[in-house]
Structures are given as C-alpha cells and as structure tokens.
1. How far, in nm, would the chain grow between VAL248 and GLU181 when pulled straight, counting 0.36 nm per residue and subtracting the alpha carbon separation?
2. Using DSSP to call loops (not H, G, I, E or B), can you name the GluC sites (Glu not before Pro) in the range 114-173 whose Cβ has at most 14 other Cβ atoms within 10 angstrom?
3. Fully extended, how many nm does the chain gain between LEU69 and ASP90 (0.36 nm per residue separation, minus their Cα-Cα distance)?
4. Got a sec to turn the phi values of the range 215-220 into Karplus ³J(HN,Hα) couplings, 6.51 cos²θ - 1.76 cosθ + 1.60 with θ = phi - 60°, whole Hz, x for Gly and Pro?
5. How high is the FRET efficiency from THR317 to ALA227, r the C-beta distance, R0 22 Å, rounded to 0.05?
6. Note the angle between two axes, namely the Cα long axis of helix 256-269 and the longest principal axis of the Cα atoms of the chain, as a number of degrees from 0 to 90, rounded to the nearest 10.
7. Any chance you could give the angle, 0 to 90 degrees and rounded to 10, that helix 45-68 forms with the longest Cα principal axis of the chain?
8. List the aspartates and glutamates whose Cα sits under 18 Å from the Cα of LYS184, skipping any in the same chain fewer than 8 residues away.
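Quick note: the coordinates plus some simple rules give every number you see, no bench work behind them. Computed from a predicted model, the values in this text were never measured in an experiment. So basically every Cβ, Gly included, is an ideal-geometry build from the backbone, and we count neighbours across all protein chains shown.
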Amino acid sequence: MTGAEIQGMPRIVAVGAGRMGRGIAIAFAYAGHRVSLVDLRTRSGEAWEKLAGEARAEIEGSLAGLAALGALAPEQVPVIAERVQLVRADAAPGALAAAELVFEGVPETLEAKQEAFAHINEHCPEEAILTSTTSSILVTQIAQFVKRPERFLNVHWLNPAYVIPVVELSRHEGTDPAVLERAKAALEGIGKLPVVCGPTPGYIVPRLQALVMNEAARMIEEGAATAEEIDKATRFGLGLRFAALGVVEFIDFGGADILHHASREMSGSIDAARYQAPAILGRMMEEGRLGLKTGSGFYNYENRDVAAYRGDVLLRTLGMLRHAGLWRAPADSTRG
C-alpha cells in the first residue's frame, strides 16, 4: 500500500537528514505516508551523495532489522523505504511548500534552529503545523523564530523514533488548541501515544530518567552495587513494575504515605536535597488523600471498582513477567 492510496494523510516533511529525521521518516513511512527528508545545508555533489547514501542505508538497515525480528515481511522493506524522498537544499523550497506537518530536527543550537525556521517560514504554507524535535531547548525559546507561533509546538521523540510509542508534545501559551489536537491526531494515526506537557525543561521522560540514571551511576561510584546487579534490579524490578503501572499510578497504588515516609528516611540517610519530598506530598498527607486506600490521591477512585482495578494491575504485571520469561507455575506437590 502506498501513501497515495491512503486518503486524508498529511504531507510530512522532516527537516534535517540526521538520525532523528531518519527515524521520524521511518515511523511515518511504515504507516503508509510519503515523507520528504530535507537537508537544508548546501553541499557539493559528492557530499550530498555521501549523506544521501548514509541516510538511505540507515533507513533500509533499520527496516531490515525489524524484518529480521518478524515485525514486517522482508519484501516490505524496499516498499516502505521508497516512501521516503531525500531532498537536497536546492529542492527544499518545493518540499516545504507542500508540507502540512513539519518536524525540524537540525542540530541543538538556537542559531541552527533560527536558520532552519527562516527557511520554513519562507516556504511553508500558512496553515502548516510546525514543530521542533529538540530535546533540550524550551518551546518558548524556539517559538520566537516562528512566523505563526500559534501553529508551533515542540514534539520530542524517544529513540528509536520508529519503535518507541510515546511522543512528548510541549506546547507554549500561544499554541492553538486545535493545532495541538491535529498534531496529536497525526501521531495517533501512525500508532504513537502522544503525551502533552507545558514549556518545561526535560519534558516528562528525560526529566524522570535523568534522575534514575544519575542515581544508578552514583551507586556504582559509592560501591553500593555493581552495574550488573543494578541492571538486573531495574529490568526485572523497577522497570517491570513501571511497565505495568505509571509512576503516578504507582504512588496512588501503594499510598502517598509510603513515599512520604521513604523520602524522609532516605533524605536523612543519603542526601537531604535529592530525597526531599515535594510540598504536594505533604499537602496530600494533611488532607488524607493517600491514594487507592483512601479513595483519592493523584486520581479519584470514588466511583471505581477497586477490586476489578487491582485485578487489572495484577494481570498487567503477570503479562510483563511472562514476557520476561520469569513466571513460574506452582509446584505440583507439597515439599516435605
């Protein structure tokens, strides 16, 4: 099936032919879209052929890797790869003029972003949705470079972009709600799970994972545990639990009081600044909003079938155990 055979799909342009642009192109091409992968840098013929060859090889290699794991048939690899059109700088205006949804993915400097959006502003249609895939620059900083900032937001993909379902959308105060909904719908249409946050440093996932990764490195530095033991604990303990329950859901499930007391103890024994509980947790303790066991916490459980919910959480956890090959059937006989 080609992109032309699927009705109502937006014209997708990824600006920047590096790793992120290639991953985004694969994600949309896999879902049937035709994608323009645009390079804005003026290059010699030889330099362009080298870049194009590298991009094509990475796209085809990534798809071949999925095929080797049974995610698609080998004969689909060239069909999907063909949906990605590599566009050199002199042809960029034509590709941008046809765009309905643009993902800017040039290097992570304000200067590079400003230069890229100068091209995008000049050539894209007024109604096009413009996004930056930056992982480190606030949406409010880049919005100043956009001709129509109401049509702009940050869209942060998690690598590999064509595999990880979550895509983080960071809006600014001027982002048109209808534009946000259109961007979400486009991502949902290719099987992604968009999550929305405000103009906050680190989005959601990087902000959480940086704390975990730094603490893991610190534990190795302190001699608290080896890298192998930490990885075993995170894959089959921490990771398995958080694959079955969201982080905030997990707080409610166990109880905000447990987190409150654990934070107090580790704040005293490890580091006061790193483990100090946020003020919101103290307010929840005062108000008796401890989570599932009191009927409300970060979520409201008053009209929820708690027994069915607990059963669903157990089912999710068992599913992760089975996937990891760690579920064991009960013993057939009583051991003496």
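1. Values: separation 67, 0.36 × 67 = 24.12 nm, distance 2.41 nm.
Working it through step by step, the gained length comes to 21.7 nm.
2. GLU126, GLU127, GLU173
3. On the way: separation 21, 0.36 × 21 = 7.56 nm, distance 3.81 nm.
Fully extending the segment from LEU69 to ASP90 adds 3.8 nm.
4. Each residue's phi maps through the Karplus curve to give 5, 4, 5, 5, 5, 5 Hz.
5. Details: r = 26 Å, r/R0 = 1.17.
Rounded to the nearest 0.05, the efficiency is 0.30.
6. 90 degrees
7. Approximately 40 degrees, to the nearest 10.
8. Of all the aspartates and glutamates, those that pass the test against LYS184 - Cα under 18 Å, at least 8 places apart if same chain - are GLU100, GLU104, GLU127, GLU150, GLU168, GLU173, ASP176.
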